[in-house]
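Below is one structure, written out as structure tokens, with a few remarks after it.
Every read-out reported here was derived from the displayed coordinates using simple, explicitly stated rules and does not represent laboratory data. Predicted, not measured: the structure shown is a model, and the values here were computed from it. Cβ atoms come from the backbone with ideal geometry, glycine included; neighbour counts cover every protein chain shown.
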Amino acid sequence: MEGLLSVSVGTVFWASVAFLCVLAILKKMAWGPILSSLKDREEGIASALRQADLAKEEMSRLQASNEDLLRETRNERDRILNEAKSMADKMRNDAVGRSQEEANRITAKAKAEIENQKQAAITDLKNQVADLSVQLAEVLLKDSLTDEQKQKALNHSLIKEFGAN
């Protein structure tokens, strides 16, 4: 058993040479491509992270822009609604004013017409009363003046009445 555990200089030399040869072959054949693929992967990850940061910044700018646009749109909507409300109030007030003026004009016209008809009715009534009075006086005077006694009595009563005044 001693042969397996004993170390000889030749075995160590040849094992070292074989190790160095395998190491050189691995360095040339495997280690270079492994390191270059790791470096490429590292650069790809770094590039992806930079692009993700740029995309995140762009999203932040777009979100801020969208919020500004939304705020401006809300302000514009509020301004348009206020203008529409103001215009509607003005139109309603104008319509109410015109209606009130028209109602006042119609009322004044109706009052004037009523007053004219009232005056015409009063004038007509006065004319009718005057006509009736004249007719009544004619009838009374015809009856009174046909009889001489009645005529004298009427004259005396009129003289007394006018004399007393």
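Structural remarks
- Here r is the Cβ-Cβ distance between S16 and E42 and R0 is 41 Å; the resulting FRET efficiency, rounded to 0.05, is 0.75.
- Annotated for the chain: lysine pairs at least 8 residues apart or interchain, Cα distance under 24 Å, count 11.
- Charge dipole of the chain about the Cα centre (unit charges at C-beta), most positive-ward option of Q135, S16, I45: S16
- In range of the label at I80: residues from region 51-74 whose backbone nitrogen is under 18 Å from the point 7 Å along Cα→Cβ: 68-74
- Positive-end residue, region 12-164 charge dipole about Cα centroid, Cβ charges, pick of M59, A121, A110: M59
- About its Cα centre, the dipole of region 12-164 is roughly 840 debye, where the only charges are +1 on Lys and Arg Cβ and -1 on Asp and Glu Cβ.
- Unit charges on C-beta of K, R, D, E only; dipole of region 1-92, Debye: 260
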